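The values are calculated or read from the model by the stated rules, or taken from the named source; none is laboratory data. This one's a predicted model, so the numbers in the text were calculated from it and none came from an experiment. Note: ideal-geometry Cβ built from the backbone for every residue, glycine included; neighbour counts use all protein chains shown. Accessible surface areas use protein heavy atoms only, side chains included; no ligands, DNA or RNA. Shrake-Rupley method; radii C 1.70, N 1.55, O 1.52, S 1.80 Å.
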Amino acid sequence: MPSPYFEKDPSEWKQITEELIEKHPLKSKEIVDVVLKSWDDIFNSKIGAFNIGKEIFPAPQIMSFLLHELVAHYLSLNHPGIYKVGTNKNEKDIHCINDNQLSVEIKASTHPNQIFANRSYAQPGSGTGQKEKNGYYITVNFGKHLGENRPEILLIRFGYLDHSDWIAQKASTGQQARLLPLVYQHKLKIIYSALK
């Protein structure tokens with residue numbers, strides 16, 4: 001699918017993003033509710049006899065994994081026959097069964113307001129069996145564990161990104177890709193913020 005932003009001036013991006021979000025079957029309020037519920041569920045969970053956030057403090061990567069899984073499962077339950085949890089290499093985290101263009105990738109980070117990806121996101125998908133890099137994204141920023149204080153969800157965004165929005169690290173050893181400020185401003189809409 002060609003990018004909806006192809007040959008459009010950045011001044012038009014925000015309106016395009018609004019239209020893309022409007023036509024998507026997952027609505028902003030539902031996404032926010034599911035992310036917040038999933039976050040609560042993590043802290044209401046135990047591993048063996050030990051409580052997450054009380055005796056066990058998972059690393060950010062583990063917290064992100066748990067959040068990915070719960071959000072995808074809850075949205076699949078809310079939309080049976082339309083969405084399912086992505087399980088194959090070529091499926092996004094939330095896979096739309098009938099229209100892959102409406103599938104959604106989830107990215108999470110402990111950075112207060114930025115999201116990162118593997119540097120491969122800066123490359124177009126290279127053939128069958130690989131996940132499409134362009135498309136809808138839910139991004140979540142959450143706080144780090146600070147002793148006994150439970151971290152909170154800081155930002156939730158929803159929008160549409162192209163593989164060209166990701167800037168790969170230049171160092172050959174760098175494994176990360178980042179987004180430019182213009183992308184945050186116009187392609188990822190803030191649908192929840194706890195930031196002051």
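When T87 is tested against (1) in contact (Cβ under 8 Å) with a residue 24 or more places away in the chain; (2) among the β-branched types (V, I, T); (3) closer than 23 Å to A117 by Cα; (4) open to solvent by 50 Å² or more (accessible area, probe 1.4 Å), only condition (1) is not met.
Remark: pairs (first residue in the range 162-184, closer than 25 Å to L102 by Cβ; second residue at pLDDT below 80 and aromatic (F, W, Y); Cβ separation under 7 Å; 6+ apart in sequence or on different chains) = H163/Y121; W166/Y121; A177/Y121. Report yes if some residue within the range 93-115 is within 25 Å of Q175 (Cβ to Cβ), in a loop (DSSP other than H, G, I, E, B) and touching a helix residue (DSSP H, G or I) at 6+ places or on another chain (Cβ under 7 Å); otherwise report no. Among the residues of the range 93-115, at least one is within 25 Å of Q175 (Cβ to Cβ), in a loop (DSSP other than H, G, I, E, B) and touching a helix residue (DSSP H, G or I) at 6+ places or on another chain (Cβ under 7 Å), which makes the answer yes.
Here Q61 does not fit the description of being among the polar types (S, T, N, Q), open to solvent by 40 Å² or more (accessible area, probe 1.4 Å) and touching a residue at least 40 places away in the same chain (Cβ under 8 Å).
Based on this model, can you work out whether Y192 counts as more than 14 Å from K14 (Cβ to Cβ), open to solvent by less than 80 Å² (accessible area, probe 1.4 Å) and either assigned to a strand (DSSP E or B) or out of contact with any Leu (no Cβ under 7 Å at 6 or more places or on another chain) (or both)? Taking the combined requirement at face value, the residue satisfies it. The residue pairs whose first member lies in the range 39-57 and is small (G, A, S), whose second member is open to solvent by less than 40 Å² (accessible area, probe 1.4 Å) and part of a strand (DSSP E or B), and whose beta carbons are closer than 6 Å, counting only pairs six or more residues apart or on different chains, are S45/I52.
Scanning the range 4-62 for residues that are assigned to a loop (DSSP other than H, G, I, E, B) and acidic (D, E) returns E7, D9, E55. Scanning the range 175-185 for residues that are open to solvent by 40 Å² or more (accessible area, probe 1.4 Å) and closer than 19 Å to W13 by Cα turns up R178, L180, P181, L182, Q185. Reported count of residues in the range 68-92, each being small (G, A, S) and outside any helix (DSSP H, G or I), is 2.
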